[in-house]
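Working notes, beginning with the structure itself.
The values are calculated or read from the model by the stated rules, or taken from the named source; none is laboratory data. Model, not experiment: these values are computed from the prediction. Cβ: placed from backbone, ideal geometry, glycine included. Neighbour counts: every protein chain shown.
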Amino acid sequence: MKTDHSAIRKNWPNHYGDPEWFIHDRFGLFIHFGLYSNAARHEWVMRWENIHPDTYRKYFERFNPDRFDPKEWAITAKKAGYKYFVITTKHHDGFCLWDTAFTDYKVTNTPAKRDLLKEIVDAFRAEGLKVGFYHSLLDWHHPEFPVDGTHPQSNDEDFKKSAAGRDMSKYVEYLHNQVRELLTNYGKVDYLWFDFSYPQENWGWSVGKGAEDWQSEKLEKLCLELQPHIILNDRLDLHRGIQTPEQYQPLKPLVKEGHPVLWEACQAMNGSWGYHRDNLDWKSSEMLIKMLIDTVSKDGNLLLNIGPNARGEIEPLTKERLDAIGKWMDLHSQSIYGARNSDFVTPVDCRYTQKGNRLYLHIFSWPFKHIHLPGLAGKVEYAQFLHDGSELFFREHNPNIHVTHMTAEIEPGSITIELPVQKPDVT
Ligand code: FHN
(Lines give C-alpha, C1' and ligand atoms only; values in the text may rest on other atoms or scores of the structure.)
Protein backbone atom coordinates (compact mmCIF):
# COMPACT_ATOMS: atom_id res chain seq x y z
CA MET A 1 0.00 0.00 0.00
CA LYS A 2 1.21 3.50 -0.77
CA THR A 3 2.17 5.06 2.55
CA ASP A 4 -0.08 7.89 3.52
CA HIS A 5 2.26 10.89 3.49
CA SER A 6 -0.27 12.97 5.36
CA ALA A 7 -0.01 10.38 8.17
CA ILE A 8 3.79 10.69 8.04
CA ARG A 9 3.55 14.43 8.29
CA LYS A 10 1.01 14.22 11.10
CA ASN A 11 3.49 12.11 13.07
CA TRP A 12 6.59 14.12 12.18
CA PRO A 13 7.78 16.09 15.21
CA ASN A 14 6.21 19.51 14.53
CA HIS A 15 9.15 21.29 16.18
CA TYR A 16 11.52 19.74 13.63
CA GLY A 17 12.17 21.33 10.23
CA ASP A 18 9.99 20.53 7.20
CA PRO A 19 11.23 17.20 5.78
CA GLU A 20 9.82 17.81 2.26
CA TRP A 21 13.31 18.22 0.74
CA PHE A 22 14.38 14.98 2.44
CA ILE A 23 11.37 13.04 1.08
CA HIS A 24 12.06 14.39 -2.42
CA ASP A 25 15.84 13.94 -2.51
CA ARG A 26 15.94 10.26 -1.55
CA PHE A 27 19.71 9.80 -1.99
CA GLY A 28 22.36 11.00 0.49
CA LEU A 29 26.13 10.59 0.72
CA PHE A 30 27.55 9.42 4.06
CA ILE A 31 31.24 10.31 4.46
CA HIS A 32 33.41 8.75 7.18
CA PHE A 33 36.71 10.63 7.23
CA GLY A 34 39.09 11.08 10.16
CA LEU A 35 42.21 9.74 11.89
CA TYR A 36 40.95 6.16 11.38
CA SER A 37 41.29 6.78 7.62
CA ASN A 38 45.05 6.77 8.26
CA ALA A 39 44.82 3.47 10.13
CA ALA A 40 42.95 2.09 7.08
CA ARG A 41 41.39 -0.74 9.08
CA HIS A 42 37.81 0.45 9.94
CA GLU A 43 36.70 3.43 12.05
CA TRP A 44 36.52 1.24 15.18
CA VAL A 45 40.16 0.16 14.76
CA MET A 46 41.08 1.79 18.09
CA ARG A 47 38.55 -0.39 19.90
CA TRP A 48 38.86 -3.59 17.90
CA GLU A 49 42.64 -3.58 18.28
CA ASN A 50 42.58 -2.02 21.78
CA ILE A 51 45.03 0.61 20.57
CA HIS A 52 46.37 2.73 23.44
CA PRO A 53 45.68 6.48 22.97
CA ASP A 54 49.42 7.17 23.00
CA THR A 55 49.84 4.78 20.06
CA TYR A 56 46.76 6.07 18.23
CA ARG A 57 48.20 9.59 18.56
CA LYS A 58 50.64 8.81 15.74
CA TYR A 59 47.68 9.09 13.35
CA PHE A 60 46.98 12.55 14.79
CA GLU A 61 50.60 13.61 14.40
CA ARG A 62 50.66 12.42 10.78
CA PHE A 63 47.16 13.40 9.62
CA ASN A 64 47.83 15.29 6.42
CA PRO A 65 45.48 14.38 3.53
CA ASP A 66 47.75 15.91 0.89
CA ARG A 67 45.48 14.91 -2.01
CA PHE A 68 42.31 16.15 -0.30
CA ASP A 69 40.19 18.04 -2.83
CA PRO A 70 36.69 18.77 -1.44
CA LYS A 71 35.61 20.28 -4.77
CA GLU A 72 36.43 17.02 -6.50
CA TRP A 73 34.52 15.12 -3.78
CA ALA A 74 31.51 17.40 -4.27
CA ILE A 75 31.53 17.16 -8.08
CA THR A 76 31.89 13.36 -7.89
CA ALA A 77 28.98 13.19 -5.44
CA LYS A 78 26.79 15.39 -7.62
CA LYS A 79 27.58 13.32 -10.72
CA ALA A 80 26.61 10.17 -8.82
CA GLY A 81 23.18 11.68 -8.19
CA TYR A 82 23.52 12.44 -4.48
CA LYS A 83 21.34 15.31 -3.27
CA TYR A 84 22.61 15.70 0.31
CA PHE A 85 25.65 14.61 2.32
CA VAL A 86 26.37 13.74 5.96
CA ILE A 87 30.01 14.16 7.06
CA THR A 88 31.59 12.87 10.27
CA THR A 89 32.41 16.04 12.21
CA LYS A 90 33.58 13.85 15.11
CA HIS A 91 33.50 10.07 15.33
CA HIS A 92 33.85 7.97 18.48
CA ASP A 93 37.62 8.51 18.70
CA GLY A 94 36.89 12.14 19.61
CA PHE A 95 38.95 13.70 16.79
CA CYS A 96 37.35 16.93 15.53
CA LEU A 97 37.37 17.67 11.78
CA TRP A 98 36.82 21.37 12.43
CA ASP A 99 38.59 24.22 14.24
CA THR A 100 36.79 23.82 17.56
CA ALA A 101 37.51 26.06 20.53
CA PHE A 102 36.83 23.26 23.02
CA THR A 103 39.71 20.85 22.49
CA ASP A 104 43.19 20.66 20.98
CA TYR A 105 42.29 17.26 19.48
CA LYS A 106 41.33 18.86 16.19
CA VAL A 107 42.32 18.98 12.55
CA THR A 108 43.90 22.46 12.70
CA ASN A 109 46.48 21.06 15.15
CA THR A 110 47.52 18.28 12.76
CA PRO A 111 49.90 18.70 9.79
CA ALA A 112 46.73 19.39 7.74
CA LYS A 113 46.49 22.73 9.59
CA ARG A 114 43.15 23.55 7.94
CA ASP A 115 39.49 23.49 8.89
CA LEU A 116 38.59 20.63 6.56
CA LEU A 117 34.94 20.72 7.58
CA LYS A 118 34.62 24.30 6.34
CA GLU A 119 36.20 23.40 3.01
CA ILE A 120 33.90 20.38 2.62
CA VAL A 121 30.75 22.34 3.51
CA ASP A 122 31.68 25.19 1.14
CA ALA A 123 32.45 22.82 -1.75
CA PHE A 124 29.31 20.69 -1.39
CA ARG A 125 27.06 23.71 -0.86
CA ALA A 126 28.52 25.22 -4.06
CA GLU A 127 27.42 22.08 -5.93
CA GLY A 128 23.90 22.43 -4.50
CA LEU A 129 23.90 19.52 -2.06
CA LYS A 130 22.10 19.87 1.28
CA VAL A 131 24.42 19.90 4.33
CA GLY A 132 24.34 17.16 6.98
CA PHE A 133 26.58 16.70 10.02
CA TYR A 134 27.24 13.35 11.66
CA HIS A 135 28.21 13.86 15.32
CA SER A 136 29.23 11.09 17.70
CA LEU A 137 27.71 11.13 21.18
CA LEU A 138 30.48 8.76 22.23
CA ASP A 139 33.93 10.20 22.76
CA TRP A 140 36.83 7.92 23.62
CA HIS A 141 39.24 10.85 23.93
CA HIS A 142 37.43 13.19 26.31
CA PRO A 143 38.77 12.89 29.89
CA GLU A 144 35.25 12.94 31.40
CA PHE A 145 33.54 10.45 29.04
CA PRO A 146 32.68 7.49 31.27
CA VAL A 147 34.62 4.41 30.17
CA ASP A 148 32.20 1.77 28.96
CA GLY A 149 32.29 -1.35 26.82
CA THR A 150 32.68 0.68 23.64
CA HIS A 151 35.87 2.32 24.96
CA PRO A 152 39.19 1.09 23.51
CA GLN A 153 40.54 0.64 27.05
CA SER A 154 37.51 -1.17 28.42
CA ASN A 155 39.67 -4.27 28.91
CA ASP A 156 42.30 -2.34 30.88
CA GLU A 157 41.31 -2.77 34.54
CA ASP A 158 43.87 -0.24 35.81
CA PHE A 159 42.67 2.35 33.35
CA LYS A 160 39.04 1.68 34.22
CA LYS A 161 39.88 2.17 37.92
CA SER A 162 41.67 5.45 37.12
CA ALA A 163 38.63 6.57 35.12
CA ALA A 164 36.12 5.65 37.83
CA GLY A 165 35.46 9.23 38.97
CA ARG A 166 34.66 10.65 35.54
CA ASP A 167 31.88 13.23 35.46
CA MET A 168 29.39 12.64 32.59
CA SER A 169 27.83 16.08 33.12
CA LYS A 170 31.18 17.72 32.29
CA TYR A 171 31.37 15.64 29.09
CA VAL A 172 27.78 16.52 28.20
CA GLU A 173 28.56 20.23 28.59
CA TYR A 174 31.42 19.70 26.10
CA LEU A 175 29.09 17.77 23.75
CA HIS A 176 26.47 20.52 23.79
CA ASN A 177 29.09 23.28 23.38
CA GLN A 178 30.50 21.62 20.28
CA VAL A 179 27.06 21.10 18.74
CA ARG A 180 26.37 24.79 19.36
CA GLU A 181 29.66 25.64 17.61
CA LEU A 182 28.86 23.43 14.61
CA LEU A 183 25.37 24.89 14.21
CA THR A 184 26.65 28.46 14.58
CA ASN A 185 29.83 28.69 12.51
CA TYR A 186 29.08 26.77 9.29
CA GLY A 187 25.99 28.43 7.87
CA LYS A 188 22.77 26.56 7.17
CA VAL A 189 22.87 22.95 8.29
CA ASP A 190 19.94 20.91 6.97
CA TYR A 191 20.35 17.60 8.79
CA LEU A 192 21.97 16.48 12.05
CA TRP A 193 22.86 12.80 12.35
CA PHE A 194 23.67 11.89 15.98
CA ASP A 195 25.29 8.53 16.70
CA PHE A 196 24.43 6.65 18.99
CA SER A 197 22.69 5.86 22.20
CA TYR A 198 23.02 2.35 23.53
CA PRO A 199 20.88 1.32 26.48
CA GLN A 200 22.46 -1.42 28.57
CA GLU A 201 20.43 -4.24 26.99
CA ASN A 202 21.80 -3.40 23.53
CA TRP A 203 25.43 -3.36 24.56
CA GLY A 204 25.83 -5.83 27.42
CA TRP A 205 29.48 -4.91 27.69
CA SER A 206 28.82 -1.25 28.23
CA VAL A 207 27.33 0.79 31.04
CA GLY A 208 24.70 1.86 28.54
CA LYS A 209 23.74 5.47 27.92
CA GLY A 210 20.43 7.00 26.96
CA ALA A 211 18.60 10.28 26.52
CA GLU A 212 18.97 11.20 30.20
CA ASP A 213 22.74 10.81 30.04
CA TRP A 214 23.14 12.96 26.92
CA GLN A 215 20.49 15.48 28.10
CA SER A 216 18.98 14.79 24.69
CA GLU A 217 15.85 16.94 25.12
CA LYS A 218 18.06 19.96 25.89
CA LEU A 219 20.41 19.12 23.01
CA GLU A 220 17.51 18.73 20.56
CA LYS A 221 16.11 22.11 21.73
CA LEU A 222 19.53 23.74 21.20
CA CYS A 223 19.72 22.39 17.63
CA LEU A 224 16.30 23.77 16.72
CA GLU A 225 16.93 27.15 18.36
CA LEU A 226 20.09 27.57 16.29
CA GLN A 227 18.75 26.06 13.04
CA PRO A 228 14.92 26.05 13.17
CA HIS A 229 14.60 24.33 9.76
CA ILE A 230 16.89 21.43 10.68
CA ILE A 231 15.81 17.77 10.71
CA LEU A 232 17.31 15.20 13.09
CA ASN A 233 17.76 11.45 13.01
CA ASP A 234 16.44 9.11 15.72
CA ARG A 235 19.68 8.40 17.58
CA LEU A 236 19.32 10.77 20.55
CA ASP A 237 17.22 8.08 22.18
CA LEU A 238 14.16 10.33 21.97
CA HIS A 239 12.35 7.88 19.64
CA ARG A 240 11.58 10.50 17.03
CA GLY A 241 13.08 11.89 13.85
CA ILE A 242 14.41 10.06 10.78
CA GLN A 243 14.52 6.33 11.54
CA THR A 244 17.88 4.89 10.58
CA PRO A 245 17.95 1.15 9.76
CA GLU A 246 21.60 0.30 9.37
CA GLN A 247 23.21 -2.07 6.87
CA TYR A 248 19.92 -3.77 5.96
CA GLN A 249 16.97 -3.07 3.66
CA PRO A 250 13.59 -3.06 5.45
CA LEU A 251 11.15 -5.44 3.77
CA LYS A 252 8.41 -2.79 3.56
CA PRO A 253 7.75 0.88 4.39
CA LEU A 254 8.61 1.50 8.07
CA VAL A 255 5.71 1.86 10.46
CA LYS A 256 6.13 2.81 14.14
CA GLU A 257 3.33 2.46 16.69
CA GLY A 258 0.89 1.97 13.85
CA HIS A 259 1.85 4.97 11.74
CA PRO A 260 4.26 5.36 8.79
CA VAL A 261 7.55 7.10 9.57
CA LEU A 262 10.31 8.76 7.57
CA TRP A 263 13.28 6.47 7.27
CA GLU A 264 16.70 6.30 5.71
CA ALA A 265 18.71 3.11 5.29
CA CYS A 266 22.42 3.79 5.91
CA GLN A 267 24.67 1.42 3.99
CA ALA A 268 28.39 1.03 3.41
CA MET A 269 29.66 -0.03 -0.01
CA ASN A 270 31.75 -2.68 1.72
CA GLY A 271 32.01 -3.92 5.31
CA SER A 272 33.56 -0.71 6.66
CA TRP A 273 32.36 2.89 7.07
CA GLY A 274 35.87 4.28 7.45
CA TYR A 275 38.48 3.49 4.79
CA HIS A 276 39.61 -0.15 5.03
CA ARG A 277 42.48 -1.16 2.78
CA ASP A 278 41.77 -4.93 3.08
CA ASN A 279 37.99 -5.01 3.04
CA LEU A 280 36.96 -7.33 0.24
CA ASP A 281 33.26 -7.34 1.03
CA TRP A 282 32.36 -4.94 -1.80
CA LYS A 283 28.78 -4.71 -3.06
CA SER A 284 28.63 -4.57 -6.87
CA SER A 285 27.50 -1.41 -8.67
CA GLU A 286 24.35 -3.19 -9.81
CA MET A 287 23.59 -4.24 -6.22
CA LEU A 288 23.99 -0.64 -5.01
CA ILE A 289 21.69 0.66 -7.76
CA LYS A 290 19.13 -1.97 -6.84
CA MET A 291 19.45 -0.96 -3.16
CA LEU A 292 18.62 2.63 -4.08
CA ILE A 293 15.61 1.54 -6.16
CA ASP A 294 14.50 -0.90 -3.45
CA THR A 295 14.70 1.82 -0.77
CA VAL A 296 12.55 4.25 -2.74
CA SER A 297 10.12 1.45 -3.66
CA LYS A 298 9.49 1.23 0.11
CA ASP A 299 9.15 5.00 0.54
CA GLY A 300 12.59 5.41 2.14
CA ASN A 301 15.91 7.19 1.54
CA LEU A 302 19.33 5.67 1.03
CA LEU A 303 22.38 7.14 2.81
CA LEU A 304 25.21 5.42 0.93
CA ASN A 305 28.65 5.75 2.50
CA ILE A 306 32.16 6.40 1.21
CA GLY A 307 35.37 6.24 3.26
CA PRO A 308 38.07 8.42 1.67
CA ASN A 309 41.63 7.25 2.33
CA ALA A 310 44.38 8.89 4.41
CA ARG A 311 45.47 11.10 1.50
CA GLY A 312 41.92 12.40 1.11
CA GLU A 313 41.20 10.47 -2.06
CA ILE A 314 38.06 8.66 -3.08
CA GLU A 315 39.80 5.46 -4.00
CA PRO A 316 39.23 3.49 -7.23
CA LEU A 317 36.81 0.78 -6.05
CA THR A 318 34.52 3.48 -4.64
CA LYS A 319 34.84 5.75 -7.68
CA GLU A 320 34.00 2.88 -10.01
CA ARG A 321 30.70 2.37 -8.16
CA LEU A 322 29.89 6.07 -7.96
CA ASP A 323 30.45 6.38 -11.71
CA ALA A 324 28.11 3.43 -12.44
CA ILE A 325 25.42 4.81 -10.13
CA GLY A 326 25.81 8.22 -11.79
CA LYS A 327 25.34 6.71 -15.27
CA TRP A 328 22.16 4.96 -14.15
CA MET A 329 20.88 8.08 -12.38
CA ASP A 330 21.65 10.14 -15.47
CA LEU A 331 19.09 7.99 -17.32
CA HIS A 332 16.60 7.19 -14.57
CA SER A 333 16.73 9.75 -11.73
CA GLN A 334 13.15 10.71 -12.55
CA SER A 335 12.16 7.33 -11.08
CA ILE A 336 13.99 8.18 -7.81
CA TYR A 337 13.74 11.91 -6.99
CA GLY A 338 10.26 12.75 -5.76
CA ALA A 339 9.17 9.13 -6.28
CA ARG A 340 7.88 6.75 -3.65
CA ASN A 341 6.23 3.37 -3.19
CA SER A 342 3.23 2.25 -5.25
CA ASP A 343 0.01 0.51 -4.28
CA PHE A 344 0.06 -1.66 -7.41
CA VAL A 345 1.05 -5.27 -6.74
CA THR A 346 4.71 -5.54 -7.69
CA PRO A 347 5.64 -8.28 -10.19
CA VAL A 348 8.08 -10.94 -9.05
CA ASP A 349 11.75 -9.84 -9.02
CA CYS A 350 10.81 -6.27 -9.83
CA ARG A 351 10.25 -3.01 -7.95
CA TYR A 352 7.79 -0.21 -8.59
CA THR A 353 8.52 3.39 -7.82
CA GLN A 354 5.72 5.85 -8.47
CA LYS A 355 5.54 9.57 -8.98
CA GLY A 356 2.04 11.01 -9.33
CA ASN A 357 0.36 8.95 -12.04
CA ARG A 358 3.63 7.69 -13.44
CA LEU A 359 4.63 4.18 -12.53
CA TYR A 360 8.22 3.01 -13.00
CA LEU A 361 8.83 -0.70 -13.28
CA HIS A 362 12.39 -1.75 -12.35
CA ILE A 363 13.28 -5.21 -13.58
CA PHE A 364 15.70 -6.83 -11.12
CA SER A 365 16.05 -10.17 -12.81
CA TRP A 366 15.55 -10.47 -16.53
CA PRO A 367 12.67 -12.84 -17.42
CA PHE A 368 12.75 -14.94 -20.53
CA LYS A 369 10.20 -13.08 -22.56
CA HIS A 370 7.17 -11.68 -20.76
CA ILE A 371 6.43 -9.95 -17.48
CA HIS A 372 3.00 -10.26 -15.97
CA LEU A 373 1.83 -6.99 -14.40
CA PRO A 374 -1.12 -7.69 -12.08
CA GLY A 375 -3.84 -5.16 -11.62
CA LEU A 376 -2.88 -2.70 -14.35
CA ALA A 377 -5.37 -3.62 -17.04
CA GLY A 378 -7.45 -0.62 -18.05
CA LYS A 379 -5.33 1.60 -15.86
CA VAL A 380 -2.52 2.23 -18.27
CA GLU A 381 -2.82 4.19 -21.48
CA TYR A 382 0.59 3.18 -22.69
CA ALA A 383 4.00 1.88 -21.76
CA GLN A 384 7.38 2.46 -23.28
CA PHE A 385 10.87 1.19 -22.70
CA LEU A 386 13.27 3.85 -21.54
CA HIS A 387 16.83 3.38 -22.67
CA ASP A 388 18.25 0.20 -21.22
CA GLY A 389 14.94 -1.53 -20.57
CA SER A 390 15.61 -1.62 -16.87
CA GLU A 391 12.38 0.26 -16.37
CA LEU A 392 9.05 0.77 -18.03
CA PHE A 393 7.24 4.00 -17.92
CA PHE A 394 3.50 3.90 -17.44
CA ARG A 395 1.46 7.03 -17.65
CA GLU A 396 -2.17 6.80 -16.83
CA HIS A 397 -4.87 8.44 -18.92
CA ASN A 398 -2.62 10.32 -21.24
CA PRO A 399 -4.10 9.78 -24.71
CA ASN A 400 -1.29 11.66 -26.43
CA ILE A 401 1.26 8.91 -26.09
CA HIS A 402 1.59 5.88 -28.37
CA VAL A 403 1.30 2.40 -26.98
CA THR A 404 4.45 0.31 -27.46
CA HIS A 405 5.63 -3.10 -26.37
CA MET A 406 2.20 -4.04 -25.14
CA THR A 407 0.60 -7.36 -25.98
CA ALA A 408 -3.12 -8.06 -25.57
CA GLU A 409 -4.41 -8.61 -22.08
CA ILE A 410 -4.12 -12.29 -21.21
CA GLU A 411 -6.57 -12.22 -18.34
CA PRO A 412 -8.88 -9.68 -16.80
CA GLY A 413 -7.04 -7.36 -14.46
CA SER A 414 -3.58 -7.88 -15.82
CA ILE A 415 -1.43 -6.96 -18.80
CA THR A 416 1.68 -8.60 -20.15
CA ILE A 417 4.57 -6.74 -21.68
CA GLU A 418 6.96 -8.17 -24.21
CA LEU A 419 10.62 -7.58 -23.47
CA PRO A 420 13.54 -7.28 -25.85
CA VAL A 421 15.16 -10.68 -26.24
CA GLN A 422 18.56 -9.46 -25.05
CA LYS A 423 18.93 -8.14 -21.45
CA PRO A 424 20.49 -4.71 -21.91
CA ASP A 425 23.43 -3.76 -19.69
CA VAL A 426 21.91 -1.99 -16.66
CA THR A 427 25.09 -0.36 -15.39
O1 FHN B 1 29.61 2.92 15.61
C2 FHN B 1 29.12 3.62 14.49
C3 FHN B 1 29.81 3.16 13.23
O4 FHN B 1 31.20 3.37 13.33
C5 FHN B 1 29.26 3.95 12.04
O6 FHN B 1 29.52 5.34 12.19
C7 FHN B 1 27.74 3.69 11.96
C8 FHN B 1 27.14 4.46 10.80
O9 FHN B 1 25.74 4.40 10.89
N10 FHN B 1 27.10 4.13 13.22
C11 FHN B 1 27.59 3.46 14.40
C12 FHN B 1 27.17 2.01 14.45
O13 FHN B 1 25.77 1.97 14.46
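Can you confirm whether residue 103 is touching a helix residue (DSSP H, G or I) at 6+ places or on another chain (Cβ under 9 Å) and under 20 Å from residue 173 (Cβ atoms)? So residue 103 passes the test. The set of residues in the range 36-81 that are out of contact with any His (no Cβ under 7 Å at 6 or more places or on another chain) and aliphatic (A, V, I, L, M) comprises 39, 45, 46, 51, 74, 75, 77, 80.
In the range 361-378, the residues that are under 16 Å from residue 328 (Cα atoms) reach residues that are in a loop (DSSP other than H, G, I, E, B) and at pLDDT 70 or above with C-beta atoms within less than 8 angstrom, at least six apart or across chains, in these pairs: 361/347; 363/349; 364/349. Would you confirm whether any residue within the range 207-219 is over 21 Å from residue 15 (Cα atoms), in contact (Cβ under 8 Å) with a residue 40 or more places away in the chain and within 16 Å of the ligand (Cβ to nearest atom)? Yes, there is a match, as at least one residue in the range 207-219 is over 21 Å from residue 15 (Cα atoms), in contact (Cβ under 8 Å) with a residue 40 or more places away in the chain and within 16 Å of the ligand (Cβ to nearest atom).
The condition (being closer than 21 Å to residue 191 by Cβ and of a type in the set (D, E, K, R)) is satisfied by just one residue among 330, 299, 281: 299. So, residue 36, is that one among the hydroxyl-bearing types (Ser, Thr, Tyr), within 26 Å of residue 192 (Cα to Cα), surrounded by 14 or more Cβ atoms within 10 Å (Cβ to Cβ) and away from the ligand (no atom under 16 Å from the Cβ) or not? In short, no. Considering only the range 42-58, state which residues are within 13 Å of the ligand (Cβ to nearest atom) and not in a helix (DSSP H, G or I). Selection gives 42, 43, 44. Against the criterion of being crowded, with 21+ Cβ neighbours inside 10 Å, at pLDDT 95 or above and more than 16 Å from the ligand (Cβ to nearest atom), residue 62 does not qualify. Under the condition of being within 16 Å of the ligand (Cβ to nearest atom), part of a strand (DSSP E or B) and of a type outside the set (D, E, K, R), the residues counted in the range 245-270 number 5. Modelled with pLDDT under 95, in contact with a Gly (Cβ under 8 Å, 6 or more places away or on another chain), under 30 Å from residue 48 (Cβ atoms) and within 16 Å of the ligand (Cβ to nearest atom): does that describe residue 149? When the stated conditions are applied, residue 149 passes them.
Scanning the range 300-324 for residues that are within 14 Å of the ligand (Cβ to nearest atom) and within 17 Å of residue 83 (Cα to Cα), we see that the one that is surrounded by the fewest Cβ atoms within 10 Å (Cβ to Cβ) is 305. Can you tell me which of 152, 111, 146 is in a loop (DSSP other than H, G, I, E, B) and under 27 Å from the mean Cα position of the chain (by Cα)? Going through 152, 111, 146 in turn, just one is in a loop (DSSP other than H, G, I, E, B) and under 27 Å from the mean Cα position of the chain (by Cα): 152. When restricted to residues that are more than 16 Å from the ligand (Cβ to nearest atom) and in a loop (DSSP other than H, G, I, E, B), the range 114-143 contains 7. Within the group 214, 140, 193, which residue is crowded, with 22+ Cβ neighbours inside 10 Å, farther than 30 Å from residue 312 by Cβ and among the aromatic types (Phe, Trp, Tyr)? None of the others qualify; the one that does is 214.
Cβ separations smaller than 8 Å between residues 6+ apart or across chains give the following pairs from the range 100-114 residues that are surrounded by 15 or more Cβ atoms within 10 Å (Cβ to Cβ) to residues that are among the β-branched types (Val, Ile, Thr) and not in a helix (DSSP H, G or I): 106/100.
Table: residues versus (1) farther than 24 Å from residue 233 by Cα; (2) of a type in the set (Lys, Arg).
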site	(1), (2)
49	yes, no
56	yes, no
61	yes, no
81	no, no
89	no, no
92	no, no
108	yes, no
114	yes, yes
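Residue count for the range 326-357 under the criterion of being of a type in the set (D, E, K, R) and either touching a Leu at 6+ places or on another chain (Cβ under 7 Å) or surrounded by 16 or more Cβ atoms within 10 Å (Cβ to Cβ) (or both): the result is 4. Within the range 271-299, track down each residue that is within 16 Å of the ligand (Cβ to nearest atom), of a type in the set (S, T, N, Q) and touching a strand residue (DSSP E or B) at 6+ places or on another chain (Cβ under 7 Å). Matches in the range 271-299: 295 only. Reported count of residues in the range 71-95, each being away from the ligand (no atom under 16 Å from the Cβ) and buried (at least 21 other Cβ atoms within 10 Å of the Cβ), is 7.
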